[in-house]
Amino acid sequence: MKRKGLKVTKVVMNAEEMEKTLNRMVHEIIERVGAKPHVAIVGIRTRGVHIAERILDKIERAEKVKVASGTIDIALYRDDFFKGLASPEVGPSNLNFDVDGANIVLVDDVLYTGRTVRAAIDALMDYGRPASIMYAALVDRGHRELPIQPDFIGKTVQTTRDEAVAVLLKEVDDEDKVVVGER
Amino acid sequence: MKHLLGIENLNRDQILHILETAVSFEEINQRQIKKVPTLKGISVINFFAEPSTRTRMSFEVAEKRLSADTYNIAVSGSAITKGETLADTALNLQAMSPDCLVIRHAVSGTPHMLAQIMDCSVVNAGDGFHEHPTQALLDAYTIQKKKKRLDGLKIALLGDISHSRVARSNIHLLTKTGSQVVLAGPATMMPRDVEKLGVTVTNDPKEAVKDADVVMMLRIQEERESGLMYPDRREYAKFFCLDDKLLAHARPDAIVMHPGPANRGVEIEDHIMDGDRSVILEQVANGVAVRMAVLYLLLGGSNS
């Protein structure tokens with residue numbers, strides 16, 4: 001899935017910067033959850049999943065431990081379901097660990113209104129009662145519509161509501177880059 | 001898509017999209033809390049004017065797991081017994097602004113008529129001899145899960161073809177996805193010119209089952225038959241009951257399906273129905289996920 005129809009106005013993160021940013025986030029996550037039991041890294045579909053996989057890989061290599069992981073699809077939990085849009089594509093969630101008592105780090109590409117995280121938290125709660133949920137996003141572009149506060153942020157980017165922020169990832173877009181553009 | 005009235009008017013991509021969407025819903029049915037909030041505030045009326053266990057329960061389970069509000073009406077206990085016409089009943093239901101009507105009726109075309117006079121989405125849960133689209137979708141989902149594909153398969157449909165809406169919907173679906181469908185049954189139960197739907201017809205069940213990947217048995221529908229279709233159940237079973245001898249002609253990895261309810265010992269031997277190759281109860285399990293996908297796609301806003 002490439003981001004089509006986006007007129008790029010500036011590049012806010014290149015591949016090298018993304019790598020460094022992810023490394024720093026990984027250190028922060030380890031520092032924060034390192035001592036906790038039952039840690040799990042959960043990516044929000046679709047791009048959050050790839051970022052979560054990278055974070056997971058870095059944590060496992062740095063700490064030489066196996067960490068639980070999963071993916072979560074929020075299509076069925078969206079609050080804009082009946083706003084006249086087409087039914088969003090829904091994909092399977094996959095949480096192969098016990099959510100009860102887990103310390104979960106939710107991972108997404110861009111934090112914007114906060115509605116996606118809200119939906120992801122609701123979805124997680126349907127699987128059990130986690131001990132805690134933390135939230136990591138590669139980019140925080142502002143304009144929150146819900147009282148949501150991230151725990152780990154890669155980069156804060158000033159944007160207007162008219163602009164779009166796209167995180168491009170090697171896994172799906174052949175390159176690592178974060179761009180701001182006009183829709 | 002606003003209504004699901006039949007498979008005949010769906011194209012291959014629409015069919016595959018529904019099946020693909022159903023995969024995500026199957027996961028919900030395996031959770032401890034089998035419920036998502038997606039259709040919160042949506043009202044669905046289940047109107048079954050014919051007896052049903054599986055389909056009625058399956059729709060209701062699917063609706064409740066999507067958090068829809070469900071209402072059930074049966075003919076007995078409704079004002080239809082006082083002489084109200086179906087159209088008037090429908091208009092009165094419409095006045096209570098439901099979002100969806102799931103309808104089963106003995107008269108072919110009833111869902112299509114209701115779709116014209118009502119504003120809500122209409123889902124055909126079986127109309128007469130005509131179509132039973134969600135059954136064909138759940139059958140296809142089951143086949144795809146077992147065989148990893150829906151094209152290039154040989155699928156044998158055996159039994160009472162002419163009274164079977166399941167057969168009709170399956171024929172439309174499986175030929176659209178590129179499989180070979182072979183029908184066999186008593187000549188009295190074979191619709192005239194059914195070859196025009198792109199299927200092969202034979203009177204010999206062995207020939208139909210030969211090298212088949214899927215053997216789908218159909219129920220003899222005594223409630224719809226005029227009584228002159230075959231001499232008696234024993235005579236029917238002698239020629240068309242799925243036993244070991246007949247199944248031996250199929251591929252060694254062939255699966256056995258039946259839409260239910262089954263007449264044990266008439267269409268299918270007990271031990272085959274309960275045996276390793278039977279996926280009959282998996283069909284039922286998959287039915288919930290498929291119906292959740294259909295409701296999700298129909299009721300989730302204005303999609304194409």
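Read-outs throughout are calculated quantities, based only on the coordinates presented, and are distinct from any laboratory measurement. Note that the coordinates shown come from a computational prediction; the quantities given were computed from them, not determined experimentally. Here the Cβ positions follow ideal geometry from the backbone for every residue, glycine too, while neighbour counts run over all protein chains shown.
A few notes on this one:
- Kirkwood radius and radius of gyration were both taken over the C-alpha atoms of segment B:1-85, and their ratio Rg/Rh is 1.03.
- Peptides B:140-146, A:120-126, A:39-45, B:191-197 ranked from most to least packed, by the mean per-residue count of other Cβ atoms within 10 Å: A:39-45, B:140-146, A:120-126, B:191-197.
- Summing Lys and Arg as +1 and Asp and Glu as -1 over all other residues whose Cβ lies under 9 Å from the Cβ of residue A:119 gives a net charge of +1.
- 10 Å Cβ neighbours from other chains, averaged over peptide B:21-28: 4
- Size check on segment B:104-211: the Cα extents along the three principal axes, sorted descending, read 47, 35, 19 Å.
- Expected 222 nm ellipticity per residue - DSSP helices of 4 or more, -39500 (n - 2.57), all of chain A, to 500: -9000 deg cm²/dmol
- For residues of B:273-282, the mean tally of beta carbons on other chains within 10 Å: 0
- Within the shell defined by Cβ-Cβ distances under 12 Å, the residues around residue A:33 carry a net charge of -2, with Lys and Arg each +1 and Asp and Glu each -1.
- Peptide B:287-296 has a mean shielding of 1, counted as Cβ atoms of other protein chains within 10 Å of each residue's Cβ.
- GNM flexibility winner over chain A from A:100, A:140, A:109 (Cα, springs under 10 Å): A:100
- Of the peptides B:150-156, B:171-177, the order by per-residue mean of other Cβ atoms within 10 Å, starting with the highest, comes out as B:171-177, B:150-156.
- Cubic angstrom per residue, convex hull over Cα atoms of segment B:146-304: 131 Å³
- Estimated translational D of the protein assembly as shown in µm²/s (Stokes, Kirkwood radius over Cα pairs; 4 °C; 1.567 mPa s): 52 µm²/s
- Amide H contacts of residue B:48 (H built 1.01 Å from N, under 5 Å, at least 5 apart or other chain): B:73, B:104
- Peptides ranked, highest mean first, by Cβ atoms within 10 Å: ranges B:116-122, A:170-176, B:18-24: B:18-24, B:116-122, A:170-176
- With K and R counted +1 and D and E -1, the other residues having a Cβ less than 10 Å from that of residue A:108 yield a net charge of +1.
- Computed [θ] at 222 nm, deg cm²/dmol, chain B (DSSP H ≥ 4; -39,500 (n - 2.57); rounded to nearest 500): -11000 deg cm²/dmol
- Note that chain B, at 37 °C in a medium of 0.692 mPa s, gets a Stokes-Einstein diffusion coefficient of 166 µm²/s from its Kirkwood radius over C-alpha pairs.
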